[in-house]
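Participant: Have a look at this one before I ask anything.
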Amino acid sequence: MSGVAIVGAEAFRYRLPLARPLAMPSGTYTQREGILLRLTDADGHVGWGDAAPLPGYSPDTLADVLAELPATLRWVRERRPWLDGLSLSFEGPAVRRPRGRGSLPRPPSLVCAVAQASGDLSSQQLGWSLARVYGWTERAATTRADPTVPAVALNALLPNDDPVPTARRVAAEGWRAAKLKVGRRSPEADAAVVREVAGVLGETALRLDANRAWSVEEATAFADALDGVPVAYVEEPLSDWRRQPEFARRTGVPFALDETLRDVTARPTRLVREAAAFVTKPTVLGGAGADASFLRFLAGRETPVVVSSTFESGVGMRHLVALAAALGDTPAGLDTYRWLAEDVLDRPLPMSGPTVNVAAVLAPNPVRLDRLEPLAL
């Protein structure tokens, strides 16, 4: 398999209005900002990637991406004139300019964007769907069969203030999973809300996300107050994240890894072995988060991998749907797309749920250049 000759590398900035304000620990936002990368190969194919760090959550910032863009694009143009047509990893220089003591890695969202754009080019050169490129393995390459799923189930995101009406609608529409944030009330108050929501969800699995809000004692109080109500898992229940296996064994409440994956992806620790699920956000994890084969290795054969978004544009969302289709039948955390009032794509993606048609999402859909600001780098 020959490489994809890269003859052009450009960057564009976008600012998209949100349908409603997005409340984050770092503030409340009314628009989503990010950087799109456009790579062009010698055959005229164009590949797009989305670098969209989420303020107050991602380990990098938009300023980090902008600072590193010139060196990254120069590397793509000059130091490596081709990218392996089946590789979704970015193997450029691992560090950038030091700030204070030591040095920082390349911004993960930018690493992810380069991987996405190269994967987009690969799909066009091979004549494969983007999902099949993400699902590539040596075995899959020897068969004509596409190993990806044709539809991806979505995980409904329930509002924090009054989740019950939405939970009732989600159950009626047949969503397989729903997610609720916890950790902003007292443990007992959170448990009361969870019990009420679970009561109307019925067969819809309830996933919880605490974002490391609790001490072991608080998390245990929450588990006790659940009074046996089953939940699929709690993402990152503890501020002392190393003690999450202890919490699960003490309470019987499963835990899932999200933020912790930034630290343990290379080490099969007890955290990895005992987690009920891995919630992977490629924008946050960088190249590893967009590598389906690595995620399969991390999960083994039993642990589900939940592909999750950080309010990316339609360019990034197409890649997330493709990755979810490559990883199997686990409901994906991609319900954030409805927050966008506008998109960078010509047509809004069909993402209303409870499932999405992968082929429809990955169908040709031009990027609206009139909604982008070219960056002179």
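Participant: Name the single residue, out of those in region 1-47 being acidic (D, E) and either within 24 Å of the chain's Cα centre (by Cα) or not in a strand (DSSP E or B) (or both), that is surrounded by the most Cβ atoms within 10 Å (Cβ to Cβ).
Facilitator: Here the answer is E10.
Participant: What's the number of the condition R184 fails, among (1) among the charged types (D, E, K, R); (2) surrounded by fewer than 14 Cβ atoms within 10 Å (Cβ to Cβ); (3) modelled with pLDDT of 95 or more; (4) farther than 21 Å from G252 by Cα?
Facilitator: With respect to (1) among the charged types (D, E, K, R); (2) surrounded by fewer than 14 Cβ atoms within 10 Å (Cβ to Cβ); (3) modelled with pLDDT of 95 or more; (4) farther than 21 Å from G252 by Cα, R184 is out only on (3).
Participant: So, one more: Could you list all residues from region 326-365 that are surrounded by 14 or more Cβ atoms within 10 Å (Cβ to Cβ), of a type in the set (S, T, Y), within 17 Å of R176 (Cβ to Cβ) and in contact with a helix residue (DSSP H, G or I) (Cβ under 8 Å, 6 or more places away or on another chain)?
Facilitator: Scanning region 326-365 gives a single hit, T330.
Participant: On the basis of being out of contact with any Asp or Glu (no Cβ under 8 Å at 6 or more places or on another chain) and modelled with pLDDT under 90, does A63 make the cut?
Facilitator: no
Participant: Related question: Kindly list the number of the only condition in (1) assigned to a loop (DSSP other than H, G, I, E, B); (2) touching a residue at least 60 places away in the same chain (Cβ under 8 Å); (3) under 26 Å from A19 (Cβ atoms); (4) of a type in the set (S, T, Y) that fails for S352.
Facilitator: All conditions are met except number (2).
Participant: Still on this structure, please answer the following. May I ask you to list pairs of residues, at least six apart or on different chains, whose Cβ atoms are under 7 Å apart, with the first in region 145-165 being in a loop (DSSP other than H, G, I, E, B) and the second being among the basic types (K, R) and loosely packed, with under 15 Cβ neighbours inside 10 Å?
Facilitator: As it stands, the answer is N160/R184, since those pairs meet every condition given.
Participant: Would you say E218 is at positive phi, surrounded by 19 or more Cβ atoms within 10 Å (Cβ to Cβ) and not assigned by TED's automatic domain parsing to the domain that holds R106?
Facilitator: Answer is no for this residue.
Participant: Examine region 304-319 for a residue that is surrounded by fewer than 21 Cβ atoms within 10 Å (Cβ to Cβ) and more than 16 Å from the chain's Cα centre (by Cα), and state whether such a residue exists.
Facilitator: Scanning region 304-319, I find no residue that is surrounded by fewer than 21 Cβ atoms within 10 Å (Cβ to Cβ) and more than 16 Å from the chain's Cα centre (by Cα), so the answer is no.
Participant: Now for a different question. List the residue pairs whose Cβ atoms are under 6 Å apart, where the first residue sits in region 230-251 and is in contact (Cβ under 8 Å) with a residue 24 or more places away in the chain and basic (K, R), the second is assigned to a helix (DSSP H, G or I) and surrounded by fewer than 21 Cβ atoms within 10 Å (Cβ to Cβ), and the two are 6 or more positions apart or on different chains.
Facilitator: Short answer, once both residue conditions are applied: R243/V216.
Participant: Report the residue count in region 205-227 for those that are among the polar types (S, T, N, Q) and touching a residue at least 40 places away in the same chain (Cβ under 8 Å). Spell out the reasoning first.
Facilitator: The first filter runs over region 205-227 and keeps only residues among the polar types (S, T, N, Q), leaving 211, 215, 220.
In the following step, the residues that additionally are touching a residue at least 40 places away in the same chain (Cβ under 8 Å) were identified as 211.
So the count comes out to 1.
Participant: Follow-up. Does V197 meet the test of being of a type outside the set (S, T, Y), more than 15 Å from P331 (Cα to Cα) and crowded, with 18+ Cβ neighbours inside 10 Å?
Facilitator: Here the answer is yes, as V197 does meet what is asked.
Participant: For residues that are free of Cβ contacts under 8 Å to residues at least 24 places away in the same chain and in a loop (DSSP other than H, G, I, E, B), tally how many sit in region 355-370. Give the derivation first.
Facilitator: Keep residues of region 355-370 that are free of Cβ contacts under 8 Å to residues at least 24 places away in the same chain, which gives 360, 363-364, 366, 370.
Pick out the ones that are also in a loop (DSSP other than H, G, I, E, B) and you get 363-364, 366.
So the answer is 3.
Participant: Does R368 meet the test of being among the basic types (K, R), surrounded by 21 or more Cβ atoms within 10 Å (Cβ to Cβ) and closer than 22 Å to A51 by Cβ? Break it down into steps so the answer makes sense when it comes.
Facilitator: Details: among the basic types (K, R): yes; surrounded by 21 or more Cβ atoms within 10 Å (Cβ to Cβ): no; closer than 22 Å to A51 by Cβ: yes.
So R368 fails the test.
The values are calculated or read from the model by the stated rules, or taken from the named source; none is laboratory data. The shown structure was predicted, so the numbers you read here are calculated from the model rather than taken from an experiment. As a convention, Cβ positions derive from the backbone with ideal geometry for all residues, glycine included, and neighbour counts pool all protein chains shown.
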